[in-house]
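The values are calculated or read from the model by the stated rules, or taken from the named source; none is laboratory data. Here the structure is a predicted model, which is why all the values come from computation and not from measurement. Neighbour counts are summed over all protein chains in view; Cβ atoms, including those assigned to glycine, are modelled from backbone coordinates with ideal geometry. Remember, those area values only see protein heavy atoms, side chains included, never the ligands or the DNA or RNA. Shrake-Rupley method; radii C 1.70, N 1.55, O 1.52, S 1.80 Å.
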Amino acid sequence: MSKSYIDIHCHPSLKPYGKSFKYQPQKQNRLNTGRKNSIWHYSPPNFIERHVNLLLTLTKFTQTDLTALAKTDCNIVIISLYPFEKHFLKDRMLGFKFIPDLLVNLAAGVSQKRIDNLRNHSSYFQDLNDEYNYYMQLHNMAQIIDDVTFTYRLVSSYSEITNNIKTSTAKRKIISLVPSIEGAHAFETGLDKDKDTADEATVLQHIETVKKWDHKPFFVTLAHHFYNEICGHARSISIGLIEKEQNRGLNTDITELGFKVIDKLLDNSDNKRILIDVKHMSTAARKTYYKLLETKYINENIPIIVSHGALNGKRSIEEWKISDSKLSENFSDVDINFYDSEIVRIAKSKGLFGLQLDERRIGSKKAIRSSRVYWPNTKRRYENKSQLIWNQIQRIGEILNENGLFCWETVAIGSDFDGIINPIKGLWTAENIKDIKPYLIQNAENYLKSNASKLQAQNQISAEEIIDRLLFINADAFLKRNFN
């Protein structure tokens, strides 16, 4: 099996599916890689695009198109289906309707036709199905890249992943795509920013429908950017003109409908359970969900998933002002990020924590400034930027070691590539994972030289294994245990 990396949260379809609305018929996934509505369309950042990102944090290039994944020899990816939320699009900004359209299009890299569709459609569930069907159009269809024939296949179990790997050869390779959903608004909630519109029976029926897909989602991110009538969300938007659109439902708890949604998702009848990703949930909702796992579901062995997250350096949701490590000054102290005590919960549940490769989340402003390289120097950039990632890995390891747990098996990569992120500079696309790997290993080696004796015997493993666990082993083991 190739050991490049496994990404547990990315959006390969967001840009090409958005571009597909420019063409007739709409929503078509083209096999021709030259077409921008093809999920195989390869568009790495050029010199200008990299510098636009450096200056304006705009990510117009593709990061996890299937060609990029093929070139990096990545053979397992958890894809995120995301019905784009309408509330990004205010009616007017500064008196002009085109300004919110322009901002969203610049940030997401979709198309004006997609923006028009977002304004006018009235069903998140239909949008979810359309994106799923977009993937299915090229499911198992051949694409030649660098003289190797590739296909992607949506998969329904780890055994299918194993079979895809066994049948791959040097000249014919299969990329396994594991579906997930970002935002339970996908089941038809939160359509109106100012009032509740969800119909309970419809929402629960939509979950039942999704469970019957040929390739049901592995997990669902319960919350997202805006109130969805299911649970409160954490602050995730800092753009002043849009920020207040998040205010309704911000930091609230799980609703009555939300408890029913959780029960429906976790119902394991016919082996159809869909796990829950706690990213984007408010701290109040996270606390309630953890309590639910400790009571109603105590005998169910349900793992806690954070598909794309980072530490905030604070002790716990209750003791949110207290830091227990000098590393905390390098972390972004916001409650969409996670507390030390939550890491222990995730590990004890045999869960998984996907590390988000977004500078806005992974480091404090001070740490980001310290990591900047002002003159072109690739080696120096990777050295500096790898430190941002290593700080998170190190602290997670220390927290778990202090609690008597195997400390290197909980963290994985949940890049959020092709989502609306500001990527770590130099780590532009999936292809750059291999470039930064040696620097991550060097960080681990430097840490072990001074700190190995502080680790419990079970945690004294090699630097290379620590990074292999981050990039591949942990996510693979998690899928093997839970994706069936």
All but one of (1) open to solvent by 30 Å² or more (accessible area, probe 1.4 Å); (2) more than 26 Å from residue 279 (Cα to Cα); (3) of a type outside the set (A, V, I, L, M, F, W, C); (4) in contact with a Phe, Trp or Tyr (Cβ under 6 Å, 6 or more places away or on another chain) hold for residue 188; state the number of the condition that does not hold. (2)
Please count how many residues of the stretch 455-466 are part of a helix (DSSP H, G or I) and exposed (fewer than 13 other Cβ atoms within 10 Å of the Cβ). 2
Which listed residue is open to solvent by less than 10 Å² (accessible area, probe 1.4 Å), in contact with a Ser or Thr (Cβ under 7 Å, 6 or more places away or on another chain) and part of a helix (DSSP H, G or I), from 471, 400, 479: 400
Which of (1) touching a residue at least 60 places away in the same chain (Cβ under 8 Å); (2) surrounded by fewer than 22 Cβ atoms within 10 Å (Cβ to Cβ); (3) touching a helix residue (DSSP H, G or I) at 6+ places or on another chain (Cβ under 8 Å) does residue 36 not meet, given it meets every other one? (1)
Subset tally (residues that are open to solvent by 10 Å² or more (accessible area, probe 1.4 Å), under 20 Å from the mean Cα position of the chain (by Cα) and within 17 Å of residue 186 (Cβ to Cβ)) for the stretch 132-157: 1
Enumerate the pairs (first residue in the stretch 231-253 and among the hydroxyl-bearing types (Ser, Thr, Tyr); second residue anywhere and part of a loop (DSSP other than H, G, I, E, B)) with beta-carbon separation below 7 Å, excluding pairs fewer than 6 apart on the same chain, so at least 6 apart or on different chains. 236/225; 236/280; 236/336; 252/232; 252/282
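Residue-wise test of (1) open to solvent by less than 40 Å² (accessible area, probe 1.4 Å); (2) over 17 Å from the mean Cα position of the chain (by Cα).
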residue	(1), (2)
330	yes, yes
341	no, yes
359	yes, no
364	yes, yes
395	yes, yes
407	yes, yes
422	yes, no
Restricting attention to the stretch 400-448, the residues that are acidic (Asp, Glu) and without any contact (Cβ under 8 Å) to a residue 60 or more places away in the chain number exactly 3
Failed condition for residue 426, given (1) on the phi > 0 side of the Ramachandran plot; (2) more than 20 Å from the chain's Cα centre (by Cα), with all others met? (2)
Is it the case, given these coordinates, that residue 161 is aliphatic (A, V, I, L, M), within 25 Å of residue 414 (Cα to Cα), more than 17 Å from the chain's Cα centre (by Cα) and open to solvent by 10 Å² or more (accessible area, probe 1.4 Å)? no
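One line per residue, one yes/no per condition, for (1) of a type in the set (Asp, Glu); (2) modelled with pLDDT of 95 or more; (3) more than 30 Å from residue 85 (Cα to Cα); (4) touching a strand residue (DSSP E or B) at 6+ places or on another chain (Cβ under 7 Å):
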{"site": "393", "(1), (2), (3), (4)": "no, yes, yes, yes"}
{"site": "417", "(1), (2), (3), (4)": "no, yes, no, yes"}
{"site": "438", "(1), (2), (3), (4)": "no, yes, yes, no"}
{"site": "442", "(1), (2), (3), (4)": "no, yes, yes, no"}
{"site": "465", "(1), (2), (3), (4)": "yes, yes, yes, no"}
In the stretch 39-71, residue farthest from residue 369 (Cα to Cα) [restricted to those that are among the aromatic types (Phe, Trp, Tyr) and open to solvent by 50 Å² or more (accessible area, probe 1.4 Å)]: 42
Return the pairs, sorted by first residue and then second, in which the second residue is basic (Lys, Arg) and assigned to a helix (DSSP H, G or I), the first residue lies in the stretch 196-219 and is over 22 Å from residue 122 (Cβ atoms) and open to solvent by less than 70 Å² (accessible area, probe 1.4 Å), the beta carbons are less than 9 Å apart, and the residues are 6+ apart or on different chains. 211/264; 217/211
How many residues of the stretch 259-292 are more than 23 Å from residue 352 (Cα to Cα) and open to solvent by less than 10 Å² (accessible area, probe 1.4 Å)? The answer is 0
Being without any contact (Cβ under 8 Å) to a residue 40 or more places away in the chain, of a type outside the set (Val, Ile, Thr) and not in a loop (DSSP other than H, G, I, E, B) is the filter here; which residues of the stretch 39-50 pass it? 47, 49
Here is a list: 248, 235, 172. Which entry is open to solvent by 30 Å² or more (accessible area, probe 1.4 Å) and in contact with a Ser or Thr (Cβ under 7 Å, 6 or more places away or on another chain)? 172
Kindly establish whether residue 426 is touching a His at 6+ places or on another chain (Cβ under 7 Å) and in a loop (DSSP other than H, G, I, E, B). no
Can you tell me how many residues within the stretch 109-143 are within 24 Å of residue 218 (Cβ to Cβ) and part of a helix (DSSP H, G or I)? 14
Just to be sure, is residue 408 more than 20 Å from residue 64 (Cα to Cα), of a type in the set (A, V, I, L, M, F, W, C) and in a helix (DSSP H, G or I)? no
